[in-house]
Amino acid sequence: QLKAFTVDGIPVTVNYKLDGNVVSFSSSNYDQTKTLIIDPWITALTTLSGSTGYNNVGCDVEYDLSGNLFVFGGGGGTGSVLPKVAKYDVNGNLLWTFMGNVGSVSWLSSTNTELGGFVVDKSSGKSYISQGYMNTGNRVVRLNASGVYDNFVSPANTNFHEIWEMKFNCLTGELLGMGGG
């Protein structure tokens, strides 16, 4: 559901309108003499590089309690086309991009075209990223709110070659992973 309001805080009913390939907005109760603010904001993804079909594509999104948006995507291979995480502030400004590689612990977000899982601890802004398919067992790394690896890496779990989805329990601090072998 779109949320829209005038610059002075008066709510405005707004709907998406699709005309061919053009997305726009329509409203029946908008005073056009006032600036209109529509949330969610829209911004182009430019740092989630990837191979054909994955270049600057967001595959999963999360948010924190400060209103920041985290986008997981890109990738489609190895090297410079690893899946990445980008963080945007409440106004849609890019804050940082994690490039999918933690050399100090030999961790890559993917060794093939597979995406792993991704979740954000909404209170702290820390994010967790699992690897794509890993025959030797999947590992998860954690980034602090500034997008820097903070020395948390899970041991490889040979029962989980893939982690498709993760949830963070804010009451216990436990990370839950769903996947298969």
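The values are calculated or read from the model by the stated rules, or taken from the named source; none is laboratory data. Bear in mind that the values here come from a model prediction, so they are computed numbers and not experimental data. Cβ coordinates were reconstructed from backbone atoms using ideal geometry, including for glycine residues, and neighbour counts include every protein chain displayed. For the accessible areas, the whole protein counts, side chains as well, though only heavy atoms, and no ligand, DNA or RNA atoms are used. Shrake-Rupley method; radii C 1.70, N 1.55, O 1.52, S 1.80 Å.
Structure above, values below:
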{"item": "Matching entry among Val148, Val81, Val71, Val102 (being closer than 24 Å to Cys170 by Cβ and touching a Phe, Trp or Tyr at 6+ places or on another chain (Cβ under 8 Å))", "result": "Val71"}
{"item": "Considering residues of the stretch 44-102 that are in contact (Cβ under 8 Å) with a residue 60 or more places away in the chain and under 13 Å from the mean Cα position of the chain (by Cα) only, the residue nearest to Glu165 (Cα to Cα)", "result": "Glu62"}
{"item": "Single condition Asp89 does not satisfy, out of (1) open to solvent by less than 40 Å² (accessible area, probe 1.4 Å); (2) closer than 18 Å to Tyr149 by Cα", "result": "(2)"}
{"item": "Breaking point among (1) under 18 Å from the mean Cα position of the chain (by Cα); (2) part of a loop (DSSP other than H, G, I, E, B), for Thr172", "result": "(1)"}
{"item": "The lone exception for Lys87 - which of (1) modelled with pLDDT of 95 or more; (2) over 17 Å from Thr47 (Cα atoms) it fails", "result": "(2)"}
{"item": "First in the stretch 16-29 and within 16 Å of Lys3 (Cβ to Cβ), second anywhere and of a type in the set (D, E, K, R), Cβ under 8 Å, 6 or more apart", "result": "Phe25/Lys17; Ser26/Lys17"}
{"item": "Test set (1) touching a strand residue (DSSP E or B) at 6+ places or on another chain (Cβ under 8 Å); (2) at pLDDT below 85; (3) among the charged types (D, E, K, R) - Lys34 fails condition number", "result": "(2)"}
